[in-house]
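The values are calculated or read from the model by the stated rules, or taken from the named source; none is laboratory data. What you are looking at is a predicted structure, and each value in this text was computed from that prediction instead of being measured. Backbone-built Cβ (ideal geometry, glycine too); neighbour counts: all protein chains shown.
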Amino acid sequence: MPDVSQTLVSVIVPIYNVEKYLDQCLSSIEAQTHRNLEVLCINDGSTDGSRDIICAHAEKDSRVRLIDKKNGGYGEGCNMGLGLAKGEWVSIIEPDDWIEPGMYGDMLSFAAGFDETIDVIKTPWTDICNWNDPKKQRAYPSTMVHRLKTSARPFTIGEQTALIEMHPSIWSAIYRRDFLNEKSIRFIPFPGAGWADNPFLIETMCQAKAIVYLDKPYYNYRCDLPGSTKNHKTADAVTRPFDRWIDMMGVLNRLGVTDERILKAHYLRGFNYTFGAISDDGWDNQLVKEGALRVFSMMRPELVAGIDDLAPHRKKFFFDVMGLPTPKFSRGPWRRHLVRQVGSTLRREGPLSLAHKVKRALLPEERSHA
């Protein structure tokens, strides 16, 4: 196996007003067992103490570099980091999260065990819930844990579409820099956070010739707090899930993706975003209705009817919204999917977490469309 200890990893940290969490984030990167890192801290015009924290870390660790820029958003900051990166591999870490010490060392060693040139190394992550209250904070393995087995060989996304069905989680992967440059992969510079990770996920996963998956979580992700996404105040916030899904669909079309496995996986994300918007802002919100129609109009009805992992009531909802007769379809695949999901959740998190997930799955907004 090749020695990877000298492999340079460029760690891009796009930073805007995160002084409360930034020290933990940067300390976790500096504590990596793999030492050959460059840490590119892209200060996106922070107005709090974030810049001072970066400077303090840069003074103590020569691998940490401060890059100042005017505020332009997450995607623009990541693109600046990609342009400056010199490493063989690129990692993107969000500044309010943190990583476990063995992340880069384990990922690089794992990829080095394959003869092929790997484009993307992917891992699951840990969800940090109720992180604003030390007494209530809990860590749960993400839904990706044990969803896939650790790779015995490299694969393409059509073989493991779960990687584009769930949270984009672009930060729990590392990317070969030459691959990103050869394919001219960059972020769309949406203002603010803007869900810029969504199109990047499709750009990378659907163009990678060799992906490997290591089923061990290293990344600690602070989830949305309960109720924090309810009743958005701006039209942009309401429509963002629909807009980003359509952007991703545009990438699939541009890349000429016709693999029905990939399209079905992307459709599943569309349903998740749609029902999430219904839960957050209500079906009586005209922007939600218009967004659902925009998304559903880009789906092929025969593929929707054939998605085994899509709940029957969601299929019926689609055909109702589209004004189409609901075809007959077997509920057997959906029941088998539920059994797999229950078993997986029990293995990962135990019975209390399962009860919580069932309760959330039966929100009034969902039941009204059953």
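Some notes on this structure:
Table: residues versus (1) crowded, with 18+ Cβ neighbours inside 10 Å; (2) part of a helix (DSSP H, G or I); (3) without any contact (Cβ under 8 Å) to a residue 40 or more places away in the chain.
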site: Thr150; (1), (2), (3): no, no, no
site: Gly158; (1), (2), (3): no, yes, no
site: Ile174; (1), (2), (3): yes, no, no
site: Pro189; (1), (2), (3): no, no, no
site: Gly192; (1), (2), (3): no, no, no
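- Only listed residue being aliphatic (A, V, I, L, M), in a loop (DSSP other than H, G, I, E, B), modelled with pLDDT of 95 or more and over 30 Å from Ser228 (Cα atoms), chosen from Leu303, Leu324: Leu324
- Pair list, Cβ < 9 Å and 6+ apart or interchain, from the range 226-245 residues that are under 14 Å from Ile278 (Cα atoms) to residues that are among the β-branched types (Val, Ile, Thr) and part of a loop (DSSP other than H, G, I, E, B): Ala237/Thr229
- Evaluating Asp247 against the criteria (1) out of contact with any Pro (no Cβ under 6 Å at 6 or more places or on another chain); (2) more than 30 Å from Ser109 (Cβ to Cβ) leaves one unmet condition, (1).
- Residue in the range 13-22 that is in a loop (DSSP other than H, G, I, E, B), of a type in the set (Phe, Trp, Tyr) and in contact with a strand residue (DSSP E or B) (Cβ under 9 Å, 6 or more places away or on another chain) present: yes
Residues checked against (1) among the aliphatic types (A, V, I, L, M); (2) under 24 Å from Phe200 (Cβ atoms):
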{"residue": "Val257", "(1), (2)": "yes, yes"}
{"residue": "Arg261", "(1), (2)": "no, yes"}
{"residue": "Leu268", "(1), (2)": "yes, yes"}
{"residue": "Tyr273", "(1), (2)": "no, yes"}
{"residue": "Asn285", "(1), (2)": "no, no"}
{"residue": "Lys289", "(1), (2)": "no, no"}
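- Boolean, Ala31 is under 25 Å from Phe190 (Cα atoms) and in the same structural domain as Asn130 (by TED's automatic domain parsing): no
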